[in-house]
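Taking it in order: structure first as structure tokens, then the write-up.
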Amino acid sequence: MTKKALFVLLLASGLLADGLAQDRTVRRPGTDVHYRITGAGTPLLILGGGPGDNADRYLSLCELLSGSYQCILVDQRGTGKSLPAVLDAATISVGLTLDDFEAIRRELGIEAWAVLGFSYGGYLASLYADQHPGSISRLLLMDSMGLNTDVFAYFVDNITSRLNAADLELFAYWNDPARDAHDPHHALVERIRARMPGYFFDRKKSLIVSQAMKDSDFNFAMGQWIWEDFQKRDLDLAKRGSRFDKPVLVLQGRQDPLGESVPQALSRYYKNSRLVFIEKCGHYSWIEQPEKVLASIREFLAPVPAKHQRGKV
């Protein structure tokens, strides 16, 4: 059995273990922020999507990378175990979330770490690099939503255009007003599940994600407060130049429903960047093409040979 086949088998069966993970907590205003550390090597902060995703959805990404890196996976405030007693504008914001990352970095004694952001987490990682550029050594943007929220003008349409009749029928079933009123949270999770094939190049692989999804994987109330924070503040990075000049990897599935314009804009924005498209791959690139993703990340995070560091201060 190949390494890729074994990875997919373990993911599909739910056997990817975080038994070796170190569960830690940092005390922050409004809540304790929980995070897990797996693996050893170069510290790599992993920011999942959403907003509102439980970090458990990204254990498979940690499993893929923890053989080479010290993966630090955070339950972003308002998700997982990092739940304030009350969710409101005083406890949930982008600024507080970025400060949480800084608190974790200081607690671990890390001067600067590599940061990987997926989807919404990619946008969050870019905001982190903009506001705390000295805290990040290298930036990895994997299937990132970009420099602002503009992508949502067409992202869902692109996903929906890939669905077949059965997918659309299932979506309509859970979009029924009566079912939605009975249990809005569950109905929304089921609509996400129905749309999942549209995120993938190979729709069969969407089952790896959709069949593992649970209602507890999402906190949509947290996500709503983040969206309101976006509306209140000018967080459109495309309106200003980048303050981050360290290496950036923009890693994107060629068939990602985000389209090619988003990664291309990121590559132009970051002058010290490299854009890599993963072929035959949709939005969840590490699930569809784990070996190619791992190879690209290893190449990007490889230590710079000493001879190339001469003359640098």
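General remarks:
- The stretch 124-186 has equivalent-ellipsoid semi-axes of 36, 16, 10 Å, by the square roots of 5 times the alpha carbon gyration tensor eigenvalues, sorted largest first.
- Among beta bridges that DSSP assigns inside the chain, antiparallel share in %, nearest 5: 35
- Sum of side-chain charges, Ala166 neighbourhood, beta-carbon under 15 Å (Lys, Arg +1; Asp, Glu -1): +3
- Alpha carbon centroid spacing (whole Å) that separates the stretch 127-158 from the stretch 266-301: 14
- Dimensions in Å of the stretch 167-219 - Rg and Dmax from alpha carbons: 11.3, 34
- Charge context of Arg254, other residues only, Cβ under 12 angstrom, K/R +1, D/E -1: -3
- The stretch between Lys239 and Asp215 holds 5.0 nm of extra length on full extension. This uses 0.36 nm per residue minus the Cα-Cα distance.
- Computed extension length for Glu260-Ala153: 37.0 nm, one decimal, from 0.36 nm per residue of separation with the Cα-Cα distance subtracted.
- By the Cβ-Cβ criterion of under 4.7 Å, the unpaired cysteines of the chain are Cys281.
- Positive contributions from Lys and Arg (+1) and negative ones from Asp and Glu (-1), summed over other residues with Cβ under 14 Å from the Cβ of Asp236, come out at 0.
- Within a straight-line Cα-Cα reach of under 13 Å, Lys239 can be paired with the following aspartates and glutamates, leaving aside sequence neighbours fewer than 8 residues apart in one chain: Asp130, Asp150.
- Unsatisfied cross-links (Cα-Cα over 25 Å) in the set Lys204/Lys292; Lys81/Lys280; Lys81/Lys214; Lys246/Lys292: Lys81/Lys280
FYI, it's all coordinate maths here, none of it is from the lab. None of the values given here were measured: they were computed from a predicted structure. Every residue, glycine among them, receives a Cβ derived from its backbone with ideal geometry; neighbour counts consider all protein chains shown.
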